[in-house]
Structure formats: C-alpha cells, structure tokens
1. Among the numbered conditions (1) open to solvent by 20 Å² or more (accessible area, probe 1.4 Å); (2) part of a loop (DSSP other than H, G, I, E, B); (3) not small (Gly, Ala, Ser), tell me where THR189 comes up short.
2. Exactly one of these conditions fails for LYS51: (1) outside any strand (DSSP E or B); (2) at pLDDT 50 or above. Give me its number.
3. Just give me the residues in the range 123-164 being within 22 Å of GLY88 (Cβ to Cβ) and either aromatic (Phe, Trp, Tyr) or part of a strand (DSSP E or B) (or both), in sequence order.
4. So in the range 131-177, with the set limited to residues that are on the phi > 0 side of the Ramachandran plot and touching a Ser or Thr at 6+ places or on another chain (Cβ under 7 Å), which one is surrounded by the fewest Cβ atoms within 10 Å (Cβ to Cβ)?
5. Against the definition (under 19 Å from ILE69 (Cα atoms), open to solvent by 20 Å² or more (accessible area, probe 1.4 Å), touching an Asp or Glu at 6+ places or on another chain (Cβ under 9 Å) and basic (Lys, Arg)), how does LYS97 come out, yes or no?
6. Just name the residue that is least open to solvent (accessible area, probe 1.4 Å) out of those in the range 67-94 that are under 29 Å from THR174 (Cα atoms) and outside any strand (DSSP E or B).
Amino acid sequence: MRAATTRTRLKATAAVATAVAMAVVLTACGGDDGKDKADSKAEQSPTVADKKNKAPATESDDSEVLATIKNGDGIELVVNSAKRDAGGFVTVKGSVKNGSKRNFTAPGWQGSERELLSNGASLAGSSLVDQAGKKRYLILRDTDGRCLCTKFVAGIAADTTATFFAQFPAPPQTTTEVDFQIPTMPTATIQISG
C-alpha cells in the first residue's frame, strides 16, 4: 500500500511540475505588454498586404521623407525614419513601391553572405555606412541568421507598396548622418534621429 501511495505522489508531483514548466514556457513565448503585438503587426510580411492590395500599417511617419531611392526597373524605396533606440541599435523604416508590371522579389537585396542567403527576398544585405567614422554597420540578425528586417515572403506584387524596417547596430551618438545601402540600388544619405 505504501509503494502505491509513493508512486501516486510521484506521478502527481511530476504532473504538477510538467504543468508549471508548460505555464512558464507558454508565458515566456507569448507574454508581453501589448507593445510587441502592435510592432509585429506593423512589421508583418507584405504577403498579407498583397492579398489585401494595400501595405500593412507602420509606426513610421510617412509624411517625412529622409530619402527616395529609385532604380531603372520601377522600384522606388522611400526612407521615412532612422531612429536610434535605447537598446543600442538604429531602426530604419519606410516603404517599397513596385511600379513595374511584374512581381518584385528583391533579387540581390539579401546580400551575398552565405548566412543571409536564407532570408530570401528581404533587406538582409542592407547596411549603414558612417563615412566620417569609416565604419560599415551590417544588418542585425538572430542566432539562426535571420535578419532583423522585413522579409517579402512572396515578393511585392506589381503596382503595390509594402512597408519595411531594418535594424542595425547604432553608430556613436556623435554620428547623425549615414549612408543607407541596399545591393542593386543607389546609396542614399539619411539622418539618424533620437
């Protein structure tokens, strides 16, 4: 009888421990103060926008234009903000307009670095260049090599606009002007705020 009671207690303890562990894991994965949900909605893949034929919302002030970059194929990238964050990084936000008659898959924009190739149609190959400090700041990435930037999963449909964001390590506080570079596009000089 005593052995059965001990086994029952062990099973009950194991069940409680498992439930607590699952609660901790689920809380860690999904718990937030609501701000991240708004941010993640603003940074959704443009494929959602393509289905609705409009770009997802973004927190950037699209009335301010820091730079407009055009290529000869009908692609126009507008940079609306480049803000320095307390976490030691700069977030660049804006929009990409596909004025061509075909789907744009951002060829070359992911860069040529092997780790970044898995990002597909994205801004993974973009960088900020501090000309005065003579330093280049590459896109931030997670431990799996995924860029901290917008990924255009299905590309950008013809005659549509998609919002973007890209995060970089922050240059020194004294640096307020950098060159924003994207492979296959002309370079644009932008001002960092904040």
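1. (2)
2. Condition not satisfied by LYS51: (2).
3. Scanning the range 123-164 gives SER127, LEU128, VAL129, ASP130, LYS135, ARG136, TYR137, LEU138, ARG141, CYS147, CYS149, PHE164.
4. Step by step, filter the range 131-177, then rank; the result is GLY145.
5. It is true that LYS97 is under 19 Å from ILE69 (Cα atoms), open to solvent by 20 Å² or more (accessible area, probe 1.4 Å), touching an Asp or Glu at 6+ places or on another chain (Cβ under 9 Å) and basic (Lys, Arg).
6. Restricting to residues being under 29 Å from THR174 (Cα atoms) and outside any strand (DSSP E or B), the top hit is GLY88.
The values are calculated or read from the model by the stated rules, or taken from the named source; none is laboratory data. Keep in mind that this is a model prediction, so the values were computed, not measured. When we count neighbours, we look across all protein chains shown, and the Cβ atoms used for this are built from the backbone with ideal geometry, even at glycine. What goes into the accessible areas is simple: the full protein's heavy atoms, side chains included, and nothing from ligands, DNA or RNA. Shrake-Rupley method; radii C 1.70, N 1.55, O 1.52, S 1.80 Å.
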